[in-house]
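Data block below; observations after.
The values are calculated or read from the model by the stated rules, or taken from the named source; none is laboratory data. Just so it is clear, the model here is predicted, and its values are computed rather than measured. Positions of Cβ are generated from backbone atoms using ideal geometry, with glycine treated the same way; all protein chains shown enter the neighbour counts.
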């Protein structure tokens, strides 16, 4: 019989929102199908991404996000994201939810996750991580030093902008109205954009601040997906020949996404 490797307690919507945002589960897009999580006494994080993926994420859920987080053995699990979100939605009307991470004592990976409220219980099998190990990498944690995004030599990237998700949505909306799927973003004295479509053009600036080297990038639809998922203040960090790091926080959660520019 499987043992409890970790147990957390929280409001169902708290966990659903955190996992959904980390997995970029936004309207019109399916979320990531799988999410690798590490469970430690101080936090739960999502460090792994597909090898050479143009869009990656590394998000951290601090212990303070939960009413309780008890870790009997540090462990990891590969969650099927869609079914996990479906079960969290199922329990949405319950005031509190206990989530038990199950597995054999001493095992490297958990085998299942159990959701339990006062009246109902459901168990969801985890995915066997050994089936995908060759296709994933844990690289993004080494690219962040606290709030600073680093290049591959672990040096700070030279350009940082502070703005908001609402301002970035103005770029996304203008680009969509021009009926193109490439999102331009320039970092000079201001954040700016210039979009040219077949029948419409748009240009402008976004409220915020920019520090560091001037740089311009074009991004694919991954940028729009990130902007749809996040809220509030946003930090952007990049540089010439560097990907874009997008970082924002909610109480108890840090969301980080890394997006490779288009050629």
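Yes or no, residue by residue, for (1) in contact with a helix residue (DSSP H, G or I) (Cβ under 7 Å, 6 or more places away or on another chain); (2) farther than 24 Å from residue 130 by Cα; (3) in a loop (DSSP other than H, G, I, E, B):
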{"residue": "9", "(1), (2), (3)": "no, yes, no"}
{"residue": "15", "(1), (2), (3)": "yes, yes, no"}
{"residue": "52", "(1), (2), (3)": "no, no, yes"}
{"residue": "70", "(1), (2), (3)": "no, yes, no"}
{"residue": "77", "(1), (2), (3)": "no, no, no"}
{"residue": "87", "(1), (2), (3)": "no, yes, no"}
{"residue": "94", "(1), (2), (3)": "yes, yes, yes"}
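Among the residues of region 101-112, what is the count of those that are surrounded by fewer than 21 Cβ atoms within 10 Å (Cβ to Cβ) and either in a loop (DSSP other than H, G, I, E, B) or in contact (Cβ under 8 Å) with a residue 60 or more places away in the chain (or both)? Step through it out loud before you land on a result.
Of the residues in region 101-112, the ones surrounded by fewer than 21 Cβ atoms within 10 Å (Cβ to Cβ) are 104-109, 111-112.
Okay, now just the ones that are also either in a loop (DSSP other than H, G, I, E, B) or in contact (Cβ under 8 Å) with a residue 60 or more places away in the chain (or both), so 104-108, 111-112.
Residues in region 101-112 being surrounded by fewer than 21 Cβ atoms within 10 Å (Cβ to Cβ) and either in a loop (DSSP other than H, G, I, E, B) or in contact (Cβ under 8 Å) with a residue 60 or more places away in the chain (or both): 7 in total.
Please go through region 168-178 and pick out each residue that is under 12 Å from residue 230 (Cβ atoms) and without any contact (Cβ under 8 Å) to a residue 60 or more places away in the chain.
Residues of region 168-178 under 12 Å from residue 230 (Cβ atoms): 168-169, 172.
Within region 168-178, 169, 172 qualify.
Only one of these is surrounded by 14 or more Cβ atoms within 10 Å (Cβ to Cβ), at pLDDT 95 or above and under 24 Å from residue 256 (Cα atoms): 149, 115, 91. Name it.
Numbers: 115 fails: under 24 Å from residue 256 (Cα atoms); 91 fails: under 24 Å from residue 256 (Cα atoms).
149 is the lone residue from the list that is surrounded by 14 or more Cβ atoms within 10 Å (Cβ to Cβ), at pLDDT 95 or above and under 24 Å from residue 256 (Cα atoms).
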Single residue of 84, 48 found to be within 16 Å of the chain's Cα centre (by Cα), modelled with pLDDT under 95 and buried (at least 19 other Cβ atoms within 10 Å of the Cβ): 48
